[in-house]
Amino acid sequence: MNPPPNCGSAESAGAASAAQEWLRRGIQSAEQGRALEAGRLFVEALRRQPDCFEAHCRLGMALRDLNQLDNATACLETALRLRPKHPGLNLLLGSVHKQAGRLEAAAECCRREIGLDPANPSAHYNLGLTLHALERGAEAMAAYQQALALRPNYVEALVNQASLFQDQKEFKAAAMACERALRFQPDHAEAHWQLANALLARGEWERGWQEYEWRWKLKDFTTPGGAYPQPRWDGSELAGRRILLHAEQGFGDILQFIRYAPLVAGRGGQVIVGCPRAIASLIARVAGVSQVATSRTSLPPFDVHAPILSLPALFRSTLTTVPAEVPYVSPPPLALPPGLAAEGSLRAGLVWAGDPKHKNNHNRSMPLEAAQPLLALPGVKWFSLQGPPGSSDLAHAPWASAMADLGSRFTDFDATAAAIAQLDVVVSVDTAVGHLAGAQAKPVLLLLPFAAEWRWMADRVDTPWYPTMRLVRQTRPGDWAGVIERVRERLSARDFVT
C-alpha cells in the first residue's frame, strides 16, 4: 500500500510545510531500514499536522516493522477514518492484524477491500492466506481461485493453493499447481519446494529429491546453508578423502538420514558428521562414522561436504532401494536408566508433543489428555519419554501417577536411547523420539495428523524408512480420539508391526 505523497488539509501553510519536511526525512530513514528513527520523525510530522494521512500510514508501517502491533493498528485505523476508501489501506491493516494473530480481524479487512475493489486479485489472495491460516480450507480455496481468475499468472496464489492441496492430501493437484507456477517463474524456490513435497509424498522420489535441493533458496529455511570453500560432494568415489556430512533441520531429520553414513563410507570416504552436541555421542556410534564435530566454527579438516538430506538424491534412493536395515543406532553400553522393570507387563513409552518451534507443531502434537484412554489398558506399564517443555504437562495431569516420568530427566539422546532399549513398544507423535525408536529397531506406533509430512507418504500404514514402525493416521483433521482408539486395539492385541 503506497500512501499519497502529501498530507491532508492544514490549519496553516507553515504547519503543512513543516510536517512535510519531517515526513520526507522519515520516509528517507524508513527506506534505509531505520524503522525506529523513521517512527520518531513521523511522530514529529503528526505533532505539527495531526490530520496528515500519509504520516499516520507511514508511522503504522514503521511500528509494524518494530513489532509494536497494537500501536501500528491504532495508526492505521486513524488513517482509515481519514480516508476509508483509500486503495490498499485495508490490506495493510489486515497484514498487521495477521502478524498479531488476529486472523478474523485480518479476514474482515480483506473483505472490506474486496467490497471496495472486487477486481483486486491481491485482496482475494490475502483473504485466502488468512482463511488458510484459520484452517477454513474450502473458503481459502475459493479465494485463491478467485485471485487466479483475475490474475492467471499469480505465482504466489498458485503456490499457496498447492500448499492447501497438500493439506487436503491432494498431491497430484498440488504438483500441477506448482508446475503451473514454475511455467510463469521457473526459479521460484517456494514452488519448487512445494513440488518436492508433493512428489515425495506420492513416491516419485527420483524427481522429488532433485526438487528438494531448492530448500536452500527458501527465505525462511530452518538451517543455514554450508558456505564452505570445499566443494560439494557429487556422489563419486571418495578414494580416502575426508567428507563432512552436515546436519540440517531437526533431530528427527538427523536420525532418519544418518542411515546413509555407511554408504558414504562405502564410497571410500572418511566420514565426519557435524551435528548438535545433544546427539553427537549417539551419532558417533553409527557404522561408517569416523568423527563427530559439534562446532561449525572449529571443524576438523575435510575435502568435500554434503548436507545430510541431500544423500538420498546422491544415492538415487527409491522406494525399493532406500537403506532400511535396522538397527543403525545403538544406546550406550552402560548407564541404562533404572526403574523400567515391570514384570508381567508390556512396557510402553509415550511421546505426545513435538518441538514447539516447529511450524506445524500444533497439528502434529496432541493434548496429553487425548492419551488418557491408553493408561487404562490392562497389562501395560507406561513410561513418559516426553522431554521439555511438553514434559511439564504430566505434572498437571490428575492421573500423572499412572505414568512414570523419564523424559524430563533426559540430558541427551543417549539417555533417550537407553530408555527405549528397555521398552517393548514406543507410541509417539511425529517427533525425534519416534525416529530414534525406529532406528533402534524398536516397535513403534507413530501417531500422525491428517496431513502428515512428505516422508510418511499418503495413506500408508507402513513406511520404507523403518521396518518396525506402523503409522496410525487421523482420518479427519484433529481426530486424535480415533487415533488413540486404534492404538488401544493394537496394544490390546499386541499387534505392533503386522
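The values are calculated or read from the model by the stated rules, or taken from the named source; none is laboratory data. Note that this is a predicted model, so its numbers are computed, not measured. Here the Cβ is made from the backbone with ideal geometry for all residues, glycine too, and neighbour counts use every protein chain on show.
Of the listed requirements (1) closer than 26 Å to THR130 by Cβ; (2) crowded, with 23+ Cβ neighbours inside 10 Å; (3) modelled with pLDDT under 95, ALA38 misses just one: (1).
Residues that are closer than 19 Å to GLY482 by Cα and in a loop (DSSP other than H, G, I, E, B) within region 343-381 comprise TRP352, ALA353, SER365, MET366, PRO367, ALA376, LEU377, listed in sequence order. When region 228-283 is filtered for residues that are touching a strand residue (DSSP E or B) at 6+ places or on another chain (Cβ under 9 Å) and of a type in the set (S, T, N, Q), the ones remaining, listed by number, are GLN230, GLN270, SER281.
Taking the conditions (1) within 30 Å of LEU158 (Cα to Cα); (2) surrounded by fewer than 16 Cβ atoms within 10 Å (Cβ to Cβ); (3) within 31 Å of the chain's Cα centre (by Cα) in turn, GLY33 satisfies each one other than (1).
The test for being touching a strand residue (DSSP E or B) at 6+ places or on another chain (Cβ under 8 Å) and surrounded by 17 or more Cβ atoms within 10 Å (Cβ to Cβ) holds for VAL427. Search region 100-109 for residues being touching a residue at least 24 places away in the same chain (Cβ under 8 Å) and in contact with a helix residue (DSSP H, G or I) (Cβ under 6 Å, 6 or more places away or on another chain), and hand back the single one that is farthest from LEU148 (Cα to Cα). Selected residue: ALA100. Has region 223-244 got at least one residue that is buried (at least 22 other Cβ atoms within 10 Å of the Cβ) and aliphatic (A, V, I, L, M)? Within region 223-244, one or more residues are buried (at least 22 other Cβ atoms within 10 Å of the Cβ) and aliphatic (A, V, I, L, M). The single condition among (1) farther than 19 Å from ALA247 by Cα; (2) modelled with pLDDT of 95 or more that ASP234 does not meet is (1). Is it the case, given these coordinates, that VAL289 is out of contact with any Phe, Trp or Tyr (no Cβ under 9 Å at 6 or more places or on another chain), surrounded by 21 or more Cβ atoms within 10 Å (Cβ to Cβ) and in contact (Cβ under 8 Å) with a residue 24 or more places away in the chain? No.
Sort out for me the helices (runs of 4 or more DSSP H) sitting completely within region 96-189 that have 1 or more residues that are of a type in the set (Lys, Arg) and either buried (at least 24 other Cβ atoms within 10 Å of the Cβ) or in the same structural domain as ARG215 (by TED's automatic domain parsing) (or both). Spell out the reasoning first.
On the way: elements: 103-116, 121-133, 137-150, 155-167, 171-184.
Once the helices (runs of 4 or more DSSP H) in region 96-189 are filtered for at least 1 residues that are of a type in the set (Lys, Arg) and either buried (at least 24 other Cβ atoms within 10 Å of the Cβ) or in the same structural domain as ARG215 (by TED's automatic domain parsing) (or both), what remains is 171-184.
Conditions tested, residue by residue: (1) within 30 Å of LEU134 (Cα to Cα); (2) modelled with pLDDT of 95 or more; (3) in contact with a strand residue (DSSP E or B) (Cβ under 6 Å, 6 or more places away or on another chain); (4) among the acidic types (Asp, Glu).
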residue: PRO356; (1), (2), (3), (4): yes, no, no, no
residue: ASN360; (1), (2), (3), (4): yes, no, no, no
residue: ARG364; (1), (2), (3), (4): yes, no, yes, no
residue: PRO388; (1), (2), (3), (4): yes, no, no, no
residue: LEU394; (1), (2), (3), (4): yes, no, yes, no
residue: ALA402; (1), (2), (3), (4): no, no, no, no
residue: THR411; (1), (2), (3), (4): no, no, no, no
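Screening GLN422 against (1) touching a strand residue (DSSP E or B) at 6+ places or on another chain (Cβ under 8 Å); (2) of a type in the set (S, T, N, Q); (3) buried (at least 21 other Cβ atoms within 10 Å of the Cβ) leaves a single unmet condition, (3).
Tallying residues that are surrounded by 15 or more Cβ atoms within 10 Å (Cβ to Cβ) and part of a loop (DSSP other than H, G, I, E, B) within region 468-496 yields 4. Restricting the first residue to region 62-91 and requiring it to be in the same structural domain as GLY39 (by TED's automatic domain parsing) and in a loop (DSSP other than H, G, I, E, B), which pairs with a second residue that is surrounded by fewer than 24 Cβ atoms within 10 Å (Cβ to Cβ) and not acidic (Asp, Glu) meet a Cβ separation below 6 Å and a spacing of at least six or different chains? Here the result reads LEU66/ALA35; ARG83/PHE53; LYS85/LEU116; GLY88/MET1, each pair linking region 62-91 to a residue that is surrounded by fewer than 24 Cβ atoms within 10 Å (Cβ to Cβ) and not acidic (Asp, Glu).
Residues are listed down the side, and each one gets a yes or a no for (1) exposed (fewer than 15 other Cβ atoms within 10 Å of the Cβ); (2) more than 31 Å from the chain's Cα centre (by Cα); (3) modelled with pLDDT under 80; (4) of a type outside the set (A, V, I, L, M, F, W, C):
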{"residue": "PRO323", "(1), (2), (3), (4)": "no, no, no, yes"}
{"residue": "LEU334", "(1), (2), (3), (4)": "yes, yes, yes, no"}
{"residue": "GLY339", "(1), (2), (3), (4)": "yes, yes, yes, yes"}
{"residue": "LEU346", "(1), (2), (3), (4)": "no, yes, no, no"}
{"residue": "LEU368", "(1), (2), (3), (4)": "no, no, no, no"}
{"residue": "ALA371", "(1), (2), (3), (4)": "no, no, no, no"}
{"residue": "LEU377", "(1), (2), (3), (4)": "no, yes, no, no"}
{"residue": "SER384", "(1), (2), (3), (4)": "no, no, no, yes"}
{"residue": "ALA415", "(1), (2), (3), (4)": "no, no, no, no"}
